[in-house]
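No value in this document is a laboratory result; all are computed from the given coordinates. It should be emphasised that the depicted structure is a prediction, and the values quoted were computed from it without experimental measurement. Cβ coordinates were reconstructed from backbone atoms using ideal geometry, including for glycine residues, and neighbour counts include every protein chain displayed.
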Amino acid sequence: DTGVSQDPRHKITKRGQNVTFRCDPISEHNRLYWYRQTLGQGPEFLTYFQNEAQLEKSRLLSDRFSAERPKGSFSTLEIQRTEQGDSAMYLCASVGGYDEQFFGPGTRLTVL
Amino acid sequence: AQSVSQHNHHVILSEAASLELGCNYSYGGTVNLFWYVQYPGQHLQLLLKYFSGDPLVKGIKGFEAEFIKSKFSFNLRKPSVQWSDTAEYFCAVNARDDKIIFGKGTRLHILP
């Protein structure tokens, strides 16, 4: 257990529905990253926060994706109008002062 | 842009064999280097990391990696593998305070 939690662990949804995932990082960590991992691939960067500020977004993050980190604590990742291609494992990583990223268990999204 | 290349996608070894997994990265500046492991059904775990100092890094479970700056390489080694090492291994790199870029992973299968 890395101390990073994600909820839910699994989500099955129908195409076109909206989904929201939550990540609770290690409390004293000010940086938080979201990655997406599909079968046979390494995790791919989606977006990152320093405290509550979203500092970078990957071009993988279409307009249907939005992420927030109110108050610089937990973060949410929302996907609107889900598509089958959104099916993946969504990973959150919490980073403290020494650049080591602690990964949560991930949320596995299946879009039917 | 940073990139990470893992040479072997799938490796099969017998128990007690020696292991070396190749990893090369492209980035001109100072980097942090990582190897992560993902056991079946589990989340990403850090095996070892290199930030600075001794280029030979020792990690958990008998793994080590050597950073060779001139070759942009960070190969993972273990002198004698066990069946429990069956997992997927990811090499990763980041510039200081930046997102992690992962390789596509090497699936290691150890025959008992």
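Roughly speaking, what is the centre-to-centre gap between region A:16-94 and region B:47-106 when only Cα atoms are used, to the nearest Å?
After rounding, the separation between the Cα centres reads 25 Å.
If R0 is 25 Å, what FRET efficiency do you get for A:E78 and A:E100 from their C-beta distance, rounded to 0.05?
0.35
Placing one identical point scatterer on every Cα of region A:1-55 and ignoring solvent, what is log10 I(q)/I(0) from the Debye formula at q = 0.13, 0.21, 0.31 Å⁻¹?
Results for region A:1-55 at q = 0.13, 0.21, 0.31 Å⁻¹ read -0.43, -1.04, -1.26.
Using alpha carbon coordinates only, what is the Rg to Rh ratio of chain A, with Rh defined as the Kirkwood radius?
Result: Rg/Rh = 0.94.
Could you line up A:D24, A:D7 from fewest to most neighbouring Cβ atoms inside 10 Å? Can you show the working numbers first?
Details: A:D24 17, A:D7 14.
Least crowded to most crowded, the residues run A:D7, A:D24.
Calculated FRET efficiency, B:S70 and B:L13, Cβ-Cβ r, R0 25 Å, to nearest 0.05?
Rounded to the nearest 0.05, the efficiency is 0.30.
Inverting the mean 1/r over all pairs of different Cα atoms, compute the Kirkwood radius of region B:1-67 and quote it in Å. Kindly include the intermediate steps, with their values, before the conclusion.
Values: mean 1/r = 0.0731 Å⁻¹.
Answer for region B:1-67: a Kirkwood hydrodynamic radius of 13.7 Å.
First obtain the Kirkwood hydrodynamic radius of the protein assembly as shown from its Cα pairs, then insert it into the Stokes-Einstein equation at 10 °C and 1.306 mPa s, and state the resulting D in µm² per second as a whole number.
Values: Rh = 18.1 Å.
Result for D is 88 µm²/s.
Return B:K99, B:K61 ranked ascending by Cβ neighbour count within 10 Å, so the fewest neighbours appear first.
B:K61, B:K99
Please work out how many pairs of lysine residues in chain B are eight or more positions apart (or on different chains) and have Cα atoms closer than 17 angstrom.
7
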